[in-house]
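Q: Sending over a structure as structure tokens; questions will come in a sec.
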Amino acid sequence: MNFISILLIIKKGRKERVDHIVSKMISRLRNVSIRFKLLFYFIVIIILCISTLSILGGNIYKKSMEEEANAYTDQMLEQVWNTIESTIQENDNIMYYLANEDDVKLFMEQQTTTEEMKNSVTEQILVYQQRHPEIAGTVIVNQYDQFISNEMIRVSRDPLTEETWYKKAVESPEKIQLISNPIGRNLKNQFSYQ
């Protein structure tokens, strides 16, 4: 006999043993009372139901929680975006109103400014700043390197008209410029907000 025939005999022997065990179980099941059969069937059905529910329930719960978390994250991102957009629009409106004030227009056209003009423009800036405490400071710079601000001061004597933020604003006056990094600017706040 070769190896394959030995393997087939072993497999055949195992199959016969399994068939024998199954036939014994079936004959025992036929010979037991109906009460035991019902109990056995109910236990099998209950085990199947519990295992199915636990597997499916866990997966369904996990999937629903992931969907809920994703939906909540999307909602939060949308709210943050709407808040940022609203704040930018509000600041744009403030700049528009300030730019259309008569005293500000006059300041933008003159090479020299009087103390009375500075006070008038500063009062107009303060009106908006009092209504919007989130604004740390406002500065108005004209083309002659004159500036008016309520809380911001010049760091050095270098002209503000040479600053990158000023050049960007002059290049596109209809757009709001969001420049977040204050390092290297020639302006700083009189008060520390840290």
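Q: Restricting to Cα pairs below 8 Å that are 6+ residues apart, what does the relative contact order work out to for the stretch 44-194? Please round to a whole percent.
A: Values: 92 pairs, mean separation 22.9, N = 151.
Relative CO of the stretch 44-194 lands at 15 percent.
Q: Round to a whole number: what % of the accessible area of the chain belongs to carbon and sulfur, probe 1.4 Å? Show your work: numbers first, answer last.
A: Values: 9450 of 15930 Å².
Within the chain, the accessible surface is 59 percent carbon and sulfur.
Q: I'd like the orientation of helix 115-131 relative to the chain: the angle between its Cα long axis and the longest Cα principal axis, in ° from 0 to 90, rounded to 10.
A: Long axis of 115-131 versus the principal axis of the chain: about 20 degrees.
Q: Helix 34-99 versus the longest principal axis of the chain: what angle, 0 to 90°, nearest 10, using Cα atoms?
A: It is inclined by approximately 10 degrees.
Q: Compute the accessible area per residue over the chain, keeping the other protein chains in place, probe 1.4 Å, unit Å². Please list the in-between numbers first.
A: Details: 15930 Å² over 194 residues.
Averaged over the residues of the chain, the accessible area is 82 Å².
Q: Just how many pairs of Lys in the chain have C-alpha atoms closer than 30 Å, counting pairs that are eight or more places apart or on different chains?
A: 18
Q: Separate question: For the chain, what's the radius of gyration and Dmax over Cα atoms, in angstrom?
A: Cα only, the chain: 40.8, 119 Å (Rg, Dmax).
The values are calculated or read from the model by the stated rules, or taken from the named source; none is laboratory data. What you are looking at is a predicted structure, and each value in this text was computed from that prediction instead of being measured. Surface accessibility is based on the protein's heavy atoms, side chains included, excluding ligands, DNA and RNA. Shrake-Rupley method; radii C 1.70, N 1.55, O 1.52, S 1.80 Å.
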